[in-house]
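The values are calculated or read from the model by the stated rules, or taken from the named source; none is laboratory data. None of these values were measured; they are calculated from a predicted model. Note that we place each Cβ from the backbone using ideal geometry, even for glycine, and neighbour counts take in every protein chain shown.
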Amino acid sequence: MIWGIGIDIIEVERVAQKVDKPGFKERVFTEKEIAYCDTFHLRAERYAARFAAKEAFFKAMGTGWMGSFSFNEVEIVHNPAGKPEIVLHGEVKQFAAEQAFVNIQLSMSHIKETAAAFVIIEKK
């Protein structure tokens, strides 16, 4: 059963302006995400896509971003085939378990100016 869907789109330049400000990356992204994004020449596109994915996830969750949830509790990883997936941590993981989420689907895309993400959350 579908619990929720979420979509987000963001201008890459907005994220590019924030990525080098002290503390921004650490508040929003996990160490793995930072290590991944920083390996690319056009890293702002990767950061923007992950930011959009986190926003889309919170929309799909039905709560939006709440003060008790942290953006870096939602981690975007790639499976061995390269498909992006969401890994949850902390209070977000606990909330998802309480709500009996069983599957989270993620699609992301980015180009020079724009990044977008779409999330579907399924539960029992």
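Checking each residue in segment 1-54 for being touching a residue at least 24 places away in the same chain (Cβ under 8 Å) and acidic (Asp, Glu) picks out ASP8, GLU11, GLU13, GLU26, GLU33, GLU45.
Return a yes/no flag: does segment 30-42 have any residue that is in a helix (DSSP H, G or I) and at pLDDT below 95. Break it down into steps so the answer makes sense when it comes.
Let us first name the residues in segment 30-42 that are in a helix (DSSP H, G or I), namely 31-37.
Subsequent filtering for residues that are at pLDDT below 95 retains none.
No, segment 30-42 contains no residue that is in a helix (DSSP H, G or I) and at pLDDT below 95.
For PHE69, the conditions (1) under 21 Å from VAL15 (Cβ atoms); (2) modelled with pLDDT of 95 or more are fulfilled apart from (2).
Residues of segment 67-84 that are free of Cβ contacts under 8 Å to residues at least 40 places away in the same chain, in contact with a helix residue (DSSP H, G or I) (Cβ under 8 Å, 6 or more places away or on another chain) and assigned to a loop (DSSP other than H, G, I, E, B): SER68, PHE69. Report the residue count in segment 86-105 for those that are surrounded by fewer than 19 Cβ atoms within 10 Å (Cβ to Cβ) and within 20 Å of ILE9 (Cβ to Cβ). Here the count works out to 1.
Screening GLU45 on (1) outside any helix (DSSP H, G or I); (2) under 18 Å from ILE111 (Cα atoms); (3) not aromatic (Phe, Trp, Tyr) shows it passes everything except condition (1).
State all residues of segment 48-66 that are outside any helix (DSSP H, G or I) and more than 21 Å from GLU26 (Cβ to Cβ); if no residue qualifies, say none.
Narrowing segment 48-66 to residues outside any helix (DSSP H, G or I): 62-66.
If the condition is that a residue be outside any helix (DSSP H, G or I) and more than 21 Å from GLU26 (Cβ to Cβ), then GLY62, THR63, GLY64 are the ones that fit.
Among the conditions (1) touching an Asp or Glu at 6+ places or on another chain (Cβ under 8 Å); (2) outside any helix (DSSP H, G or I); (3) hydrophobic (A, V, I, L, M, F, W, C), ILE7 misses just one, which is (1). Of all the residues in segment 85-124, those that are free of Cβ contacts under 8 Å to residues at least 24 places away in the same chain and either in contact with a Pro (Cβ under 9 Å, 6 or more places away or on another chain) or in a loop (DSSP other than H, G, I, E, B) (or both) number 1.
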